[in-house]
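The next block holds one structure in the form of C-alpha cells; read it before the comments.
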Amino acid sequence: MTSNTAQQNAAVADKAILANSAYADGRHLAARQSIYQWQQPQYDLPGIVVEELAGTSGIVLDVGCGNGKFVSRLHKDRPDLQVVGMDISAGILADVEKPVLVADAQALPFADDSADAVLALHMLYHVSDIEATIEELARVLGRGGVLIASTNSDTDKQELDRLWARAAGDVLGIPEGPARVSLSSRFALEKAPGYLGTAFKDVRVRKLPGTIELTDPAPIVAHLASYEAWADQCGVPFHETVSRAAEIAADTIEVKGAFKITCLGGLLACRR
C-alpha cells in the first residue's frame, strides 16, 4: 500500500470530514447517486431492501442512513415497521423522516438484541474499525434478525478511475496521475463476506451488475466533483482535474458516441 492510498483510506473514515464536509448535507451524496439513473438494468435498491424485510416486524435501524432514501421508502411501503434513521452528520439528517438520531455506528445507543433488522447501506467503508462496527451491529440485532449491507466491487466504475488518472496526469504533466479516492475499497464487495462472516453465520450476496452509457459529460463531472471533501488527499489540483476529465469525456463521446461505465454493486443479507 502506498502512503497516498493509506492517506486516502484514513480520510475516507475521518469523522470530521464525514460529518462536516462529505455529508454535511445531501448535496454530494445525491450527485453520486444521480449517475445511476442512466444505468441499465435499473435496480430499485430501496425496493430490494423492502423485499428482504418481507418477514421482518418491529424495529429497523438504518445506520448511516445519509439522505434518507431507504428510510423514506420503508415509511411508505412498510408503515408497520418502527424505522429509526441514524447518521454521524446532523446536517444530512435535516430532511430525513423522523425519528432520527445523530449516532456513531461504532457505539450505537441501543440495547443488546433490541432491533429486528439493521441496515448498513454503502457505509461500512466509512468506519475506522470495520470489524468492531460489524460486532456492534450484531450486538443490537436480535436473534433471527437480519443485517442488510451494501457496497461496490473493486471493479466498479473502473472507467472513471482511468479517466481521473489520465486527467490528473495531464494536469501534472506526467503520463498517469495519482489514483482518485476510492470510497468502497476498504469494504469492497470482494472483501465484505469475509468481514461479515466473523459475526454472521449466514451471509448471502446479491450482485447487481450494470452499464452506464452517457452522451453528455455533465453526470461524470457531477460524480467526480462530489469527491470534493477528499480533495486534499488527491495529490493533484482537484478542480483542474475535474475540468480536464470533462474535456476528455466530451472527446470520447464525440468519437465513440457515448462514454461507457461498467458498474458492479452488491447487497448482502446476513443472519446470526
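For segment 151-167, 3J(HN,Hα) computed residue by residue from phi via the Karplus equation (6.51, -1.76, 1.60; θ = phi - 60°) reads 6, 10, 6, 4, 8, 5, 6, 4, 4, 6, 4, 5, 4, 4, 4, 5, 5 Hz, glycine and proline entered as x.
Contact order, relative form, for segment 69-200: 20 percent (alpha carbon pairs under 8 Å, 6 or more residues apart, mean separation divided by residue count). The 3J(HN,Hα) values that the Karplus relation (6.51, -1.76, 1.60; θ = phi - 60°) gives for segment 128-133 are, in residue order, 5, 10, 5, 4, 5, 5 Hz. Gly and Pro appear as x. For the chain, a crude dipole built from +1 on the beta carbon of Lys and Arg and -1 on the beta carbon of Asp and Glu, taken about the Cα centre, is about 480 debye to the nearest 20. One Cα centroid belongs to segment 223-252, the other to segment 32-85; the line between them spans 30 Å. Per residue, the average separation of C-alpha pairs within less than 8 Å and at least 6 apart gives segment 3-271 a relative contact order of 23 percent. Comparing Cα centroids, segment 151-166 and segment 199-222 end up 11 angstrom apart. Residues whose amide H lies under 5 Å from that of V83, counting only those 5 or more places away or on a different chain, are V60; hydrogens are built 1.01 Å from N in the peptide plane. Between helix 238-256 and the chain there is an angle of about 80 degrees, using the helix long axis and the longest principal axis of the Cα atoms. Its Kirkwood hydrodynamic radius, worked out from the mean inverse distance over all distinct Cα pairs, puts the chain at 19.3 Å. Using just its DSSP H runs of length 4 or more, each adding -39500 (n - 2.57), the chain gives a mean residue ellipticity at 222 nm of -10000 deg cm²/dmol after division by all residues. A simple rule links phi to the HN-Hα coupling: the Karplus curve 6.51 cos²θ - 1.76 cosθ + 1.60 with θ = phi - 60°, which for segment 198-203 gives 6, 10, 10, 6, 10, 10 Hz, with x for Gly and Pro.
Between A94 and A218, the C-beta separation translates, for a Förster distance of 22 Å, into a calculated FRET efficiency of about 0.25. Legend: P(r) of segment 1-159 from all alpha carbon pair distances, 10 Å bins from 0, whole percents, reading 10, 39, 37, 13, 1.
Between H122 and S150, T151, the built amide H atoms are under 5 Å apart, and every one of these is 5 or more places off in sequence or on another chain.
Computed from Cα positions, the angle between helix 3-12 and the longest principal axis of the chain comes to roughly 50 degrees. Of the trypsin sites (Lys or Arg not before Pro) found in segment 188-271, those in coil by DSSP whose Cβ has at most 11 other Cβ atoms within 10 Å are K201.
Note on K76: lysines with a C-alpha under 30 Å away, same-chain residues under 8 apart excluded, are K98, K207.
Throughout, read-outs are computed from the coordinates displayed, never taken from laboratory work. Being a predicted model, the structure only gives us computed values, none of them experimental. Virtual Cβ from ideal backbone geometry, glycine too; neighbours counted across all protein chains shown.
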